[in-house]
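Reading through the structure tokens given below for one structure.
The values are calculated or read from the model by the stated rules, or taken from the named source; none is laboratory data. Here the structure is a predicted model, which is why all the values come from computation and not from measurement. All Cβ positions, glycine included, derive from the backbone under ideal geometry; neighbour counts span all protein chains shown.
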Amino acid sequence: MRVTLPAALLLLLASTSAPQAAPNIVVIMTDDQEDTGSMAYMPKTHALLAEKGVTFANSFVNLPLCAPSRASFFTGQSAHNTGIKANNPVDGGGWGGFKDKEKNALPVWLKKAGYRTALIGKYLNRYGQESTFGSLLSWAGSYLNTSFTGPNIGNPEDWVPPGWDLWYAFTSSRARYYDYAINENESIKTFGSSPGDYSTDVLKARAVRFIQEQTGAADPFFMLVATKAAHAQGKCAIPPPQDENAFKTVSFPFDIAAKKKGSASDSKSAHGESKADFEKCYRAELQSLQSVDDLVASTVDALQSSGKLDDTVIIYTSDNGFLFGQHGSMGKSAPYEEAIRVPLVMRGPGIPANQTRSQLVNNLDLVATIVELAGASPRVVLDGRSLKPLFADFNAPWRSAIAFESPSAHFMSPSGRYTGVRTVTRKYIKFENGKEKLYDLAADPHESKSRAGRKSYAGDLGELRSLNDKLRSCAGETCWVP
């Protein structure tokens, strides 16, 4: 008599019959990519990642701003635990605020787990620039006609953080599409304004080369490719020459809600820009993402040709989202879906093909996943959980709520600083000035009207208020809401 075992049991037996070798891990991280429609304009990424892996439909970041989000990626901790809640060292943020954490961060953990590591592209804001303290000492020295020096870390442009075998990072100034510098393992390379200098394509070439260098190597590798795209340079993103006329007729896939007096908005508010202005920048984002789509395809091709594809987990995500006129804002940092929601797609060994997961996940979970896949040992308490249980079971028990928080930069008034909690159908926001908002995401997905003052929502308001009070200072297991 022939006995047929259920597929789930076969998967379990296969996973426990022999220890799994640590996979290679590739992370492609864009900058400021909104997740309300842009992924639909990336056909190569869809075919090579989404159709071959899992798309997490409800993926968020803990704090929607570049440096804090990247600090969380390198530590697996919420912004209130890293202390990095701004881009500028004046506010204790950016690279200046993160430097002393570099010796105990993700690349160091991965190196100790036997990985060869590479960072290609953007690191943290202000990387390669003098710290605020150093700048102040320099200014004081020139004023007093003497010399003061700060902590000796060498030339900041040449600084290579611990844990990286290949360091190929934008330096000296902010990451740019053209006219930028890159520190390649302490050697500064400059790029101009010719078509061949378009930064996404330059990063793509270096990523492909790194993968090719791993051909035949026994040790696993970790590679983070972090692009300038789709971040604005000036007003809008800058597309590659071949795509600067693409999507000219594309309209918003979302509604632009009217700005209301007292609403939370990014510091870069609309100031009277028209819908046409917003659409121009939205189209520029889509245009700039075409080069990222090519980067994804070239990465997969390089992995295939080097014999590494079947042993590699590929992760696609962004550091935060972006508003293109919704809620009267153009920018990020606001507590709205467009700012805190980011794309997250994963493919690789143990990850099923062409599936979607609807559970609430965030960038802290992504770090916990990488750590588990690599068999690494973090020396900090991680605030997220590995996504591995969701790979095999779309009904796996998961959290019921996630927390998010705002920057604490000096430019944000108490009416702009906030903490908040999001469930499957509700969002609660508590501003530093005491104001509260409650959105019913099932009835009002565009967050156009707060229900905080309605009696029918009083129960929800009380429960979420208490939950926010708990999560705003959580760490480790206390950040988990079953």
How do the pairs read when you match residues in the range 445-462 that are surrounded by 13 or more Cβ atoms within 10 Å (Cβ to Cβ) with residues anywhere that are assigned to a helix (DSSP H, G or I) and charged (D, E, K, R), using Cβ under 7 Å and keeping only pairs 6 or more apart or on different chains? 447/337
Is it the case that the range 402-412 has a residue that's surrounded by fewer than 22 Cβ atoms within 10 Å (Cβ to Cβ), closer than 27 Å to residue 346 by Cα and among the aliphatic types (A, V, I, L, M)? no
For residue 383, all conditions in the list (1) at pLDDT 95 or above; (2) in contact with a Lys or Arg (Cβ under 9 Å, 6 or more places away or on another chain); (3) of a type outside the set (S, T, N, Q) hold save one; what is the number of the exception? (2)
Looking for whichever is crowded, with 24+ Cβ neighbours inside 10 Å and assigned to a helix (DSSP H, G or I) here; the options are 71, 47, 40. Which one fits? 71
Tell me which strands (runs of 3 or more DSSP E) are completely within the range 312-379 and hold 2 or more residues being surrounded by 24 or more Cβ atoms within 10 Å (Cβ to Cβ) and either more than 12 Å from the chain's Cα centre (by Cα) or in contact (Cβ under 8 Å) with a residue 12 or more places away in the chain (or both), or say none if there are none. 312-318, 344-347
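Looking at the range 416-438, can you tell me whether even one residue there is of a type in the set (A, V, I, L, M), farther than 17 Å from residue 64 by Cβ and free of Cβ contacts under 8 Å to residues at least 12 places away in the same chain?
There is no residue in the range 416-438 that is of a type in the set (A, V, I, L, M), farther than 17 Å from residue 64 by Cβ and free of Cβ contacts under 8 Å to residues at least 12 places away in the same chain.
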Quick one: how many residues across the range 207-238 are of a type in the set (A, V, I, L, M), crowded, with 21+ Cβ neighbours inside 10 Å and outside any loop (DSSP other than H, G, I, E, B)? 6
Output the number of the condition that residue 41 fails; it satisfies all remaining conditions of (1) under 28 Å from residue 336 (Cα atoms); (2) under 18 Å from the mean Cα position of the chain (by Cα); (3) at pLDDT 95 or above. (2)
Please go through the range 433-468 and give me each residue that is of a type in the set (Ser, Thr, Tyr), touching a Lys or Arg at 6+ places or on another chain (Cβ under 6 Å) and not in a helix (DSSP H, G or I), ordered by number. 439, 450
